[in-house]
Amino acid sequence: MDGAVFWTVAVLAAMLVGMGKGGMPGVAMLSVPVFSLVISPVTAAGLLLPVYVLSDMFGLYAYRHEFNAQVLKIMVPGMVVGVGIGWATAHLVPEWAVTMVVGIIGASFALNNLRPRRGVVAAKPVRVVPGLFWGTISGFTSFVSHTGGPPYQVYTLPLKMSKTMFAGTTTISFAIVNLAKLPPYYALGQLSAQNLHVAVILMPIAAASVFLGVRFVRWVPEKLFYKAITWALLVLSLKLIWNGVSG
């Protein structure tokens with residue numbers, strides 16, 4: 001493969017990770033599909049995990065004062081359990097099936113949110129059981145292919161948090177989950193020395209891109225922000241369905 005093509009795609013994937021960790025809706029989930037244009041999806045997921053972890057550190061700093069502690073207390077334990085289930089079933093569940101299910105869930109939710117409604121839809125209360133359920137699904141799909149966003153958003157979008165609180169809560173949730181994924185990824189051989197070498201090169205690019213995402217979140221109007229999240233969720237979910245169908 002042409003080295004220039006590989007590094008162009010790698011830099012783009014790293015920028016997507018960083019901007020997503022800065023709070024831009026759905027952007028980070030594009031990183032693995034984009035990188036899969038030049039390497040296998042499994043290799044892409046393993047290579048990008050350290051890049052995710054470093055970007056999380058910058059995202060945590062940016063949103064250190066803006067998060068919903070109640071949501072974190074519910075979602076994070078479920079997400080960590082989901083990572084454990086993903087590790088335990090890594091050799092049993094085909095990636096294409098998980099990808100397609102995630103896509104169907106996300107697309108259904110996004111289409112429901114986009115249909116015209118009369119009046120203002122009230123924010124849903126923070127509930128423990130649904131949060132644990134969707135948190136577990138999110139952790140599982142995040143472990144398999146870094147696609148924990150759609151299940152996570154199914155629970156968190158109806159809560160109608162402010163845009164910065166939503167971005168901060170999301171950043172903290174996935175920062176913890178990505179750290180939890182490091183030991184199993186290492187045990188499964190997805191953190192090879194070659195992967196880590198490439199990841200180290202991409203880390204500064206991803207870190208700088210975090211602040212592009214932060215600026216976007218603070219600049220865009222809140223209503224447009226949530227509309228962008230929903231449309232991004234729909235587009236990404238349809239892409240995931242396609243990936244699952246095509247194997």
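The values are calculated or read from the model by the stated rules, or taken from the named source; none is laboratory data. Fair warning: this is a prediction, and the values are worked out from it, not measured in the lab. Methodologically, a virtual Cβ is constructed for each residue, glycine included, from the backbone with ideal geometry; neighbour enumeration extends over all protein chains shown. Surface accessibility is based on the protein's heavy atoms, side chains included, excluding ligands, DNA and RNA. Shrake-Rupley method; radii C 1.70, N 1.55, O 1.52, S 1.80 Å.
Each peptide in 53-64, 191-202 receives the mean, over its residues, of other Cβ atoms within 10 Å, and ordering these scores from highest gives 53-64, 191-202.
Rounded to two decimals, what ratio of Rg to Rh does the chain give with C-alpha atoms and a Kirkwood Rh? Let's see the in-between values first.
On the way: Rg = 16.8 Å, Rh = 17.8 Å.
Across the chain, the Cα-based Rg/Rh ratio is 0.95.
With 18 Å as the limit, the listed pairs Lys160/Lys223; Lys21/Lys223; Lys21/Lys163; Lys160/Lys227; Lys181/Lys239; Lys21/Lys239 have Lys21/Lys223; Lys181/Lys239; Lys21/Lys239 beyond it between alpha carbons.
Normalised by the number of residues in the chain, the mean separation of alpha-carbon contacts (under 8 Å, six or more apart) gives a relative contact order of 39 percent.
Distances between placed amide hydrogens fall under 5 Å for Gly23 paired with no residue 5 or more residues away or on another chain.
Each label point was placed 7 Å from the Cα along the Cα-to-Cβ direction; for His197 and Trp242 their separation is 3.4 nm. For Arg64 and Leu92, what is the calculated FRET efficiency with R₀ set at 45 Å and r taken between the beta-carbons, to the nearest 0.05? The computed FRET efficiency comes out at 0.70.
When the Cα positions of Val144, Leu212, Leu157 are compared along the charge dipole of the stretch 111-218, Leu157 comes out farthest toward the positive end, with charges on each C-beta of Lys, Arg, Asp and Glu. Couplings for the stretch 33-40, taken from phi via the Karplus curve 6.51 cos²θ - 1.76 cosθ + 1.60 with θ = phi - 60°, read x, 5, 5, 5, 5, 10, 9, 5 Hz in order; Gly and Pro are left as x.
Taken about its Cα centre, the chain carries a charge dipole of about 1000 debye when Lys and Arg each add +1 at the Cβ and Asp and Glu each add -1 at the Cβ.
Surface analysis of the stretch 101-231 yields an accessible area of 48 Å² per residue, using protein heavy atoms and a 1.4 Å probe.
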